[in-house]
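In what follows, a structure is listed as structure tokens, so that the remarks can point back to it.
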Amino acid sequence: MRTVHFDHRNHARDAAFPSPFHSRQAQHNRMKEWSRWSDYLSVPAYWCADMEYFAGRNACGVFDLTPMIKHRVSGPDALPYLNRLVTRDVAKIKPGRVGYSVWCNEQGRVLDDGTIFHFDEGDYRICSQERQIDWFLTSAQGFDVDVREETHDVAGLALQGPTSFAVLNALGLAGVETLTPFGLTTFDFAGASLTVSRTGFTGDLGYELWVDPDHAETLWDRLFEAGELHGIRAMGSQALDLLRIEAGFILAGIDFLPAWEAVRPSHTRSPFELGLGWLVNFDKGLFTGRRALLEEHERGSRYRLVKLDIAGNKPAKDAYVFGGDGKVIGTVTSAMWSPSAKASIALASVETPHGESGEELDVEIYYQRELKWHRVMARARVVDKAFWDPPRRRQTPPAKF
Amino acid sequence: MSTKYNAIVIGAGHNALTSAAFLARAGMKTLVVEKNDYIGGATVSLETYRKDWKYSNCSYVASLLRPEVYRSLKLAKYGLQIVPYGGGATFSQNGDYIGRYVDPDISRREVARHSQRDAHATERFDRDVMRQARFIRQFLLRTPPDPTSFRPRDLLELLYTARAALDLGEDLIYDTMRFYTMSIADFLDEYFEHPLIKASHAGSGIIGSAMGVMSPGTAYVLLHHAMGDVDGSMGAWGFARGGMGAVAQAMHDCFIDLGGRVQIGQGVSRIIVKRGRAVGVALENGDEHYADVIVSGLTLPHTFLECMEASDLDAGFLDRVRHFKIRGSSGKLNIALDGPPRFTALPEGSELARGDLHFVDTMERLERAYDDWKAGTWSKDPYIDLLIPTMTDPSMAPPGKHFMSVFVQYVPPKVDGKDWTDAQVAAFGQNVVNRIEEYAPGFKDLILHMEVRTPRELENEIGLTSGNIFHGELTMDQLSFNRPLPGYAQYRGPVKGLYLCGSSTHPGGGVMAAPGANAAREILGDLRRINTVPEGWLDD
């Protein structure tokens, strides 16, 4: 059921609300630790973040996505509205498909990134990390379109990992094997409508499941029954963070500062500066930020978000990045030891012209051993490809593993 | 009787004490003279009702007090504690309210309860106000440049200002120019749709100002209330433990420790000028004291129109002083309560009752409150900033009892052009009490004692000209290098040896201590003494 009710004046008694999956999460949450994600209680780790990470790479993990901000965009002008809002050509996201995009302010600075779900002609959902409603409504002026936030009306679970298809198969979702990456379809499920998309934040085979909050607990229960023989495991936000770094996915508020909240405008980034130039389509007509981005495209960008393959075994968390002449040219935004790539990896924002593929940089790593701090400079090579990108991610129909 | 000092500081308000302390620390033999039997000026806590009951009689909350001064004068060691209170509520006439909570998520949901869109717009609003606050904060502990001068220090200061403006980026330069000239009503319209949300933000745009929410220039006044912080929490406000007098007391004790001397109960009747130089002060009791420099913490008109002979000043200068905009617009009720009032709109036990409370739900009501002031009378439906410090501070009243501070706007310096009568003061107070009673039935029965202050009392008791709490209106024509007057923004008076250190000077009103600190730096420079005044801390 819908668990967030802040229309009542007593809403302030608790700082966060239980998710529709809360009763089930509580059963799995052996650590008894909860964190806050927007309006909801979230689980950082149910038992052990590393074990949950390995479930995501070896079997499958279930992550509660409900707190993701969701907006419904519908009406005759939904497509032109979205095409003016975001940088990519939304006409290419056909019904039954999902597309990743970013949207910018007038200055071409990224407000947020997210996924656009195209259900039917003129009916879309946008999922994002940050709230958007004021901007989305401001952008709706002059368009025959209905825009509303539906975050609390939709419960979501991510089912990610090599056995995720086997689990959905065991759940009896006939035809799910035909779903290609970024495909979207709906099933009748326990008297409700279950939306399944072949999407995720882990760079592996995986799905996202969307249902009304009244059926959330049923979905969780049936999923875990179906997954019992396929290694299914509840996964917390710490494990998901490791999985997304390996996949090279960026996170608002971590790898870039959303322009909406930037007190220091120079700390924001354009899509080009986040390695998302491929999402900018200058040919589709006007979109917010186009003029500024065109100018930047001609003049060149100031920053570049890069993937780093770092020598040695120390995670380069929050490290400075040095150019060849020993000058600081950037900082690491996300870093980890990658168990799947068996490498120290990082995402970093560096000043151009640095960050060309293959460039050798240095990172300054601080690490602690039994309360004693050490410092090491390590070689870091700029790489193109994600650290984790297995063929099974794209294989259709997927294998059951 | 006459004594020779290095410096004489007129008034014992918080800026005067700040200046005095920095001068004393530089080894100057310094005397502070104060007309009242108590120190603090408007930063004062008196036992007006009973020995075990302290009021914050004038100023009542702290946020602007410069942390650099706090630290440099070791005010913590001298017993000053600033405790944040966090939160507040604005009540509407339909029995609802909008709360502001310490927790940002709860605050956001509270706004969303009224408008989901405004909840998201709040992030943009906070961002833009914070941008302006970051910009202005770097100038608070700096002397404004003289834009007409070619002296190296003025050119360097202008360069600093230009660089800071360029740092903002092109779009922010546009925004800044607009921000400084807009009305708070127009500014809020660019962010919010819900009348209650707008009204809840608007109060900061008018507090202490004789302007209405629709008057150009009020957006800046909002910034003046948002640029402070409590321990780095920008825009947060707190209580001085024991009442606002604790701020002045700590400064006073620091000053005394540094060898300073304070004489209370004797006002300055005249600043003595000889051969074009201020050389001393004559007190009301006939005593004269002499010093190398005379530093006035009084308001600009008070200093020049009441403490100096017209023959010692240029007629043009004096004329400009007479036209300095300093108009009283507010009053205050200080109330001793037998128990906590119950605001019926709030849920039982709500933390919001510990914060600042307001009773206005539209911009139109705020503007009509201003209309009353223009018509020469007090607002029948006033803007109220109500706090109960004893909900947080256990040291001001006996357990279970409370001190309530009620700031009220608008209140004119004169009623229909005539001086306030005692009956009018009482009627004004009663009107405010009746207003509060509407939102907290039974409140009247809790009142044990009440002190009512209109601009008349503020001027007569602590010398705030016309009752203006900021020592002069905070408008573009009276800010930065135009404060208090063009050509006199660097704390020096028109007579050699005379300096100004009160809130009439940059960066203006509030319990900030920046004017006092900046003035001391200029004086020490002129006397070629070692500088004891700290530099401002930069945010980045």
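The table below lists the values:
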quantity	calculated
On Cα atoms only, tilt of B:116-137 relative to the major axis of chain B in degrees	0
Chains B and A together, accessible area buried on both sides, 1.4 angstrom probe, square angstrom	2600
Whole-Å distance, taken between Cα centres, linking segment A:284-309 and segment B:111-186	27
Equivalent ellipsoid semi-axes - Cα gyration tensor, segment B:190-318, angstrom	40, 24, 12
Cβ-based charge dipole, the protein assembly as shown, positive-most Cα from A:Val43, A:Ala319, B:Ser209	A:Ala319
Solvent-accessible area of B:Met404 with every protein chain in place, 1.4 Å probe, in Å² to the nearest 10	0
Unit charges at the beta carbon, dipole of chain B: most positive-side option, B:Met227, B:Leu80, B:Leu458	B:Leu80
Out-of-range pairs (alpha-carbon distance over 30 Å; input B:Lys51/B:Lys418; A:Lys70/A:Lys94; B:Lys325/B:Lys401)	B:Lys51/B:Lys418; B:Lys325/B:Lys401
Residue-normalised accessible area of segment A:302-385, given per residue in Å² at a 1.4 Å probe	55
Calculated from backbone phi, Karplus (6.51, -1.76, 1.60) coupling profile of segment A:149-162 in Hz, x at Gly/Pro	7, 10, 3, 8, 9, 10, 9, x, 10, 9, 10, 10, x, x
Whole-Hz couplings from phi, Karplus 6.51/-1.76/1.60, listed for segment B:328-340; x for Gly and Pro	x, 9, 9, x, 8, 10, 10, 10, 9, 10, 6, x, x
Value of relative contact order over segment A:302-385, rounded to a whole percent, pairs C-alpha under 8 Å and six or more apart	37
Protein-only accessible surface order, largest first, of A:Phe119, A:Phe256, B:Phe481 at 1.4 Å	B:Phe481, A:Phe119, A:Phe256
0 to 90° range, to nearest 10: angle between helix B:363-374 axis and chain B longest Cα axis	50
In Å², nearest 10: area of B:Arg277 left accessible to a 1.4 Å probe	90
Candidate residues A:Phe249, B:Phe125: accessible-area rank, largest first, probe 1.4 Å	A:Phe249, B:Phe125
Test item: A:6-14 mean partner chain Cβ contacts at 10 Å	6
Accessible-area ranking of A:Glu225, B:Glu288, B:Glu457, largest first, probe 1.4 Å	A:Glu225, B:Glu288, B:Glu457
For A:Ala343, distant residues with modelled amide H under 5 Å away	A:Ser338
Rh (Kirkwood; distinct C-alpha pairs) - chain B, Å	23.6
³J(HN,Hα) computed for each position of segment B:234-247 - Karplus, 6.51 cos²θ - 1.76 cosθ + 1.60, integer Hz, glycine/proline x	4, x, 7, 10, x, 9, 7, 4, x, x, 4, x, 5, 5
Cα-based Rg of segment B:291-355 normalised by 2.2 N^0.38 Å, two decimals	2.12
Cα convex hull of the protein assembly as shown - mean projected area over all directions, nm²	42.5
Probe 1.4 Å - accessible area at A:Lys342, Å² to nearest ten	130
For segment A:314-391, projected area of the alpha-carbon convex hull averaged over all directions, nm²	5.7
Top positive-direction residue, dipole computed over the protein assembly as shown with Cβ charges, set B:His506, A:Ala247, B:Gly260	B:Gly260
Residues with amide H under 5 Å from that of A:Gly206, placed H, sequence gap 5 or more	A:Gly161
Local net charge near A:Tyr366, Cβ-Cβ under 12 Å (Lys/Arg +1, Asp/Glu -1)	+3
Segment A:Lys342-A:Thr180, extension gain: residue separation times 0.36 nm, minus the distance between their alpha carbons	55.4 nm
Environment charge at B:Leu386 (Cβ cut-off 13 Å; Lys +1, Arg +1, Asp -1, Glu -1)	-1
Amide hydrogen neighbours beyond the local backbone of A:Tyr100, cut-off 5 Å, H modeled	A:Ile116
Spatially proximal lysines relative to B:Lys274 (Cα-Cα < 23 Å; intrachain offsets below 8 disregarded)	B:Lys4, B:Lys29, B:Lys496
Size of electric dipole in chain A: Cβ of Lys, Arg +1 and of Asp, Glu -1, about Cα centre, debye, nearest 20	860
Helical mean residue ellipticity (222 nm; -39500 (n - 2.57) per DSSP H run of 4+; nearest 500) of chain A	-5000 deg cm²/dmol
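The values are calculated or read from the model by the stated rules, or taken from the named source; none is laboratory data. Given the structure is predicted, the values throughout are model-derived calculations rather than measurements. Glycine also receives a Cβ, built like all others from the backbone with ideal geometry; neighbour counts cover every protein chain displayed. Heads up: the accessible areas ignore ligands, DNA and RNA and are worked out on the full protein's heavy atoms, side chains in. Shrake-Rupley method; radii C 1.70, N 1.55, O 1.52, S 1.80 Å.
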